[in-house]
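What follows is one structure encoded as structure tokens, with my remarks underneath.
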Amino acid sequence: MRGIWRLGLVAAVAAGAFALAMVRFSGAAEEGCAQRLPEDPSYRVQWSQQPSTDLTRYRLSITREGRPVTEAEVCLNSYMKGMSAMAVTDRGREVAPGTYEVSVTFEMGGRWPARVLIAERARPVVAVPVLLEVREAPVPTTSPNF
Amino acid sequence: MTAAPTLTPALSEDPTPPPGASRPRASTWAVMRGLLLRDLTVLDKSLGEFLHNTVTQPLLLVFVFTYLFPLIGQGVGGSSEAGASRFASLLMAGLIAQAMAFQGVFRVAVPMAIEIDVTQELEGRVLAPTSVSTMATEKIVFGAILSLFAAMVVFPVAAFLPTTPVYLVVDWPVLLTLTPLACFTSAALGLTLGTVLKPASVPMLSGTLALPLAFGGAIFYTWESLDPVPWLQYLVLVNPIVYMSEGMRAALFTGVPHMSLGAIYGALTGFAVVFTVLGQRGFKRRVLA
């Protein structure tokens, strides 16, 4: 083994760097609402209006077994189907009991699979999958103003 | 009449033990360990070159795509941080797959082509008291170890370099089973290629094999995003790197589309078996010729 001590040293350094990387990664997913969470079918998420490329604010009504979910931490995470790197995320602010507002801009019309992460007090954090059909808003036509 | 003693037991696939003596299973492991130690010692002598080859590519790709581009206003993933982070995450999974695949393939194929045809080192090594299959398997195991090391190096690069956060959520059972399988598959492909290639054609390897494997390997995009180009989506299924990239996405991220785990494990296991069989056959053919 004496012949490979440098290799052993490099492997040990790499293992240490790997461990440090995992520590650094550990909190990031939570910040980005990207945790691996179980889905709970008892929750329902209803959008105030159909998502569209010309809107930036939406209200989500969240219920569990028919009752409004209040004082919860809510986070929306969505990506456009077929587009590798088009995504939106935002944390919801409760504007009325069981109603949360998120500010996101969908850059293209189409299908946007989404996950709404819901953390209620004294309950496990869950994810609710939602498939959004984002409407492509017509581009406003303006006459050239010379 | 007794059989004539042989000086080159490895030249026969299953050397017959002397009468009354059983061939202990441990000896195969001892030989394997010795061969691995020998290869690692050689690697230790060229450690600088090995590290350079292993670190440079992921470092540069992560630097350009996830550090430089966002800083100069060319960030991939749109104007939102969520998009940029998503791309950084997609890229990281692809880079791990690429690192595993290339390290496994090149670290086995290139030295083997040279050892068989130029230095003829393997002719000496087949004198070892073991089967040719064991030697071929050792080559795969050695390549898989280097491949695993290359995969490990990508994690700190992706953790500390990008300007956008990478949302990594490890599924440990998948990561710990898929990574060795992907490393083994890569090294087995390397063995297959190493026994087919002539040393003169080694420089062609990067242009004719590595580039198509990389750009068609779902490294920079997900396999699902090829939906609008169905012919390409099905064509790339012959590329093992696709399953490695998709597997890493399944193991490391959530909310990112990927193939089903059954398809990933099934395809990689199939590739591993096929490449191992082809590699073993090619190895025997070349060294016993």
Exercise for the section: Within segment A:91-113, track down each residue that is of a type in the set (K, R) and farther than 13 Å from A:A72 by Cβ. Expected result: A:R111
Practice task
Would you check which residues across segment A:30-68 are out of contact with any Pro (no Cβ under 9 Å at 6 or more places or on another chain) and within 14 Å of chain B (Cβ to nearest Cβ) and list them?
Solution key: A:E30, A:C33, A:A34, A:Q35, A:R36, A:T53, A:T56
Exercise for the section: Please enumerate the residues belonging to segment B:202-238 that are touching a residue at least 60 places away in the same chain (Cβ under 8 Å), part of a helix (DSSP H, G or I) and of a type in the set (G, A, S). Expected result: B:A210, B:A214
Practice task
Please determine, by comparing only the residues of segment B:146-194 that are of a type in the set (G, A, S) and more than 30 Å from B:I114 (Cα to Cα), which one is farthest from the other protein chains (Cβ to nearest Cβ).
Solution key: B:A158
Fill in the blank from the handout: By residue number, the members of segment A:81-92 that are at the interface with chain B (Cβ under 9 Å from one of its Cβ atoms) and touching a residue at least 40 places away in the same chain (Cβ under 8 Å) are A:T89
Practice task
Could you please find all residues in segment B:39-58 being surrounded by fewer than 14 Cβ atoms within 10 Å (Cβ to Cβ) and among the hydroxyl-bearing types (S, T, Y)?
Solution key: B:S46, B:T56
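Look at segment A:14-29 and say how many of its residues are within 8 Å of chain B (Cβ to nearest Cβ) and modelled with pLDDT under 80.
Residues that pass the stated criteria total 2.
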Handout entry: Filtered residues of segment B:214-238 (kept if at pLDDT 95 or above and β-branched (V, I, T))
Key = B:V236, B:V238
Problem - Candidates B:L61, B:L122, B:L95, filtered to the one that is over 24 Å from B:L178 (Cα atoms), touching a helix residue (DSSP H, G or I) at 6+ places or on another chain (Cβ under 7 Å) and surrounded by 17 or more Cβ atoms within 10 Å (Cβ to Cβ) - result: B:L122
Exercise for the section: For segment B:45-87, enumerate the residues that are within 8 Å of chain A (Cβ to nearest Cβ) and closer than 16 Å to B:Q103 by Cα. Expected result: B:L47, B:L51
Problem - Residues of segment A:11-33 that turn out to be in contact with a helix residue (DSSP H, G or I) (Cβ under 8 Å, 6 or more places away or on another chain) and not in a helix (DSSP H, G or I), as a count - result: 1
Completion exercise
Note on B:P111: of the conditions (1) under 24 Å from A:L7 (Cβ atoms); (2) within 14 Å of chain A (Cβ to nearest Cβ), unmet is (2)
Handout entry: Checking A:T89 against (1) polar (S, T, N, Q); (2) within 18 Å of A:Q49 (Cβ to Cβ); (3) out of contact with any Asp or Glu (no Cβ under 6 Å at 6 or more places or on another chain), the condition it does not meet
Key = (2)
Problem - Test for A:R57: is it basic (K, R) and touching a Gly at 6+ places or on another chain (Cβ under 8 Å) - result: no
Exercise for the section: Would you please name the residue that is farthest from the chain's Cα centre (by Cα), looking only at residues in segment A:1-10 that are more than 7 Å from chain B (Cβ to nearest Cβ) and assigned to a helix (DSSP H, G or I)? Expected result: A:R2
Practice task
Find all pairs meeting these conditions: Cβ atoms under 8 angstrom apart; at least six residues apart or on different chains; first residue within segment B:68-88 and under 20 Å from B:V256 (Cβ atoms) and of a type in the set (S, T, Y); second residue at pLDDT below 85 and part of a helix (DSSP H, G or I).
Solution key: none
Handout entry: Boolean, B:M259 is in a helix (DSSP H, G or I), closer than 25 Å to B:Y167 by Cα and not charged (D, E, K, R)
Key = no
Practice task
Give the number of residues within segment B:239-289 that are β-branched (V, I, T), farther than 29 Å from B:V170 by Cβ and at pLDDT 95 or above.
Solution key: 2
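Go through segment B:182-201 and give me each residue that's small (G, A, S) and either within 17 Å of B:F275 (Cβ to Cβ) or not in a helix (DSSP H, G or I) (or both).
Step one: filter segment B:182-201 for residues small (G, A, S), giving B:182, B:186-188, B:190, B:194, B:200-201.
Correct list: B:A182, B:S186, B:A187, B:A188, B:G190, B:G194.
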Practice task
Kindly establish whether B:G94 is farther than 18 Å from B:G190 by Cβ, in contact (Cβ under 8 Å) with a residue 24 or more places away in the chain and in a helix (DSSP H, G or I).
Solution key: yes
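The values are calculated or read from the model by the stated rules, or taken from the named source; none is laboratory data. All values derive from a computational prediction rather than experimental measurement. Quick reminder, even Gly has a Cβ in these numbers, built from the backbone with ideal geometry, and neighbours come from all protein chains shown.
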